[in-house]
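Just so it is clear, none of the values below were taken in a lab; they were calculated from the coordinates. Just so we're clear, the structure is a prediction, and the values are computed from it rather than from any experiment. Neighbour counts run over all protein chains shown; Cβ positions are idealised from the backbone, glycine included.
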Amino acid sequence: MKKIISHLDRGVLYMFMASFFFAIMGAFAKLSSGYMSSLEVVFFRNVFGVALVGYAVFRKPMKQAGGKPWLLFFRGFMGFVALLAFFYNIAHIPLGDAMTFSKTSPIFTAIFAWLFLQEKLAKSAWLAVLLGFVGIIFITSPTGLTFSKTDLLGIFSGVGAALAYTSVRELKKYYDTRAIVLSFMTVGTVGPLLLLFISPYVNDPSLDFMLGAFVMPSGIVWLYVMGMGLFATLAQLYMTKAYGESQAGIVGAVSYTNIVFSIGVGLLLGDALPDFITLFGIILIIISGILAVKK
């Protein structure tokens, strides 16, 4: 019993650390966004990961069955476009709100697993879905049936991440975990370069979340982008360690402290406190997410 509690404590501690590091990564992304487009921020977020995971593969080659290249690309592509929406929101709305939108992914993952993988959903999972959608309505506070651009991108950041996570459940049968991560980071590195190349030829302000001019970082901006890459890597590392130490439902629930950390860090960066309606929506999404990840 004591050994189980010890493992549980480590898993919870690791997830607390991962959640805090994700919030710090978000802070560096927000600071970087003051000097470059969110598209370029996505590029720097992933290029460090490609180098690190690529080095790990070089040191220890992958052993895998393979055979699902299009599904592997789909995982990378959906993760990339979700990240575009996420980092655009980090630049334009309070950090806590952007993180909350991204944390709706377990709700949508439950739906997609039910639709595409024929997984049965318990009553608590359906309750989670209902609470999650009510929470989204409170956060977005739509006028009539109209959502703002950041609302739509926020919802998509959760949907896109959920599609990516759902595909991972199938991909794990065929690929090394590093191959799955590398597919996401590679698309997230090459994709921005392609979009940066075509951006000068596209004149549509509504597509600014996926367009931008490349601006070479200088001075303190290099500190911001390196800090973003470092803390993103640390967050991924400790999140992986957490799931290796404790039950997925427990550490998944603890991961929602990311929202609390992000609100706090956002306040230090000048974000306003969430109003009552937004805060109520955030609380509903936290509850729904905890219910969704519990098994």
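Quick look at the numbers
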{"item": "For peptides 284-293, 49-58, 269-278, 200-209, sequence by mean Cβ density within 10 Å, most packed first", "result": "284-293, 49-58, 269-278, 200-209"}
{"item": "Neighbour-count ranking [beta-carbon atoms within 10 angstrom, fewest first] of Lys30, Lys123", "result": "Lys123, Lys30"}
{"item": "Förster-model FRET efficiency, 30 Å R0, Leu273 and Tyr35, C-beta, rounded to 0.05", "result": "0.70"}
{"item": "Shape metrics for region 167-295, restricted to C-alpha atoms - Rg then Dmax, Å", "result": "18.8, 50"}
{"item": "Integer Hz, Karplus 6.51/-1.76/1.60 couplings in order for region 49-66, x for Gly and Pro", "result": "x, 4, 5, 5, 5, x, 5, 4, 5, 4, 5, 9, x, 7, 10, 7, 7, x"}
{"item": "Per-residue Cβ neighbour rank within 10 angstrom, fewest leading, Ser32, Ser199", "result": "Ser199, Ser32"}
{"item": "Residue order, fewest to most surrounding Cβ atoms within 10 angstrom, among Met99, Met226, Met185, Met216", "result": "Met216, Met226, Met185, Met99"}
{"item": "Region 1-146 - Rg (one decimal) and Dmax (whole number), Cα, Å", "result": "18.9, 56"}
{"item": "Radius, Kirkwood style, for the chain when every pair of distinct Cα atoms is counted (Å)", "result": "19.6"}
{"item": "Of Pro192, Trp222, Tyr243, farthest towards positive along the dipole that unit charges on Lys, Arg, Asp, Glu beta carbons give region 2-293", "result": "Tyr243"}
{"item": "For region 107-120, Karplus couplings with θ = phi - 60° (6.51, -1.76, 1.60), whole Hz, Gly/Pro x", "result": "5, 6, 4, 4, 5, 5, 5, 5, 6, 9, 10, 6, 7, 7"}
{"item": "Dipole magnitude of the chain about its Cα centre (Cβ charges: Lys, Arg +1; Asp, Glu -1), debye to nearest 20", "result": "1340"}
{"item": "Label-zone membership for region 221-237, site Met62, 7 angstrom Cα→C-beta point, backbone N under 18 Å", "result": "237"}
{"item": "The chain: relative contact order in percent, alpha carbon pairs under 8 Å with at least 6 residues between", "result": "43"}
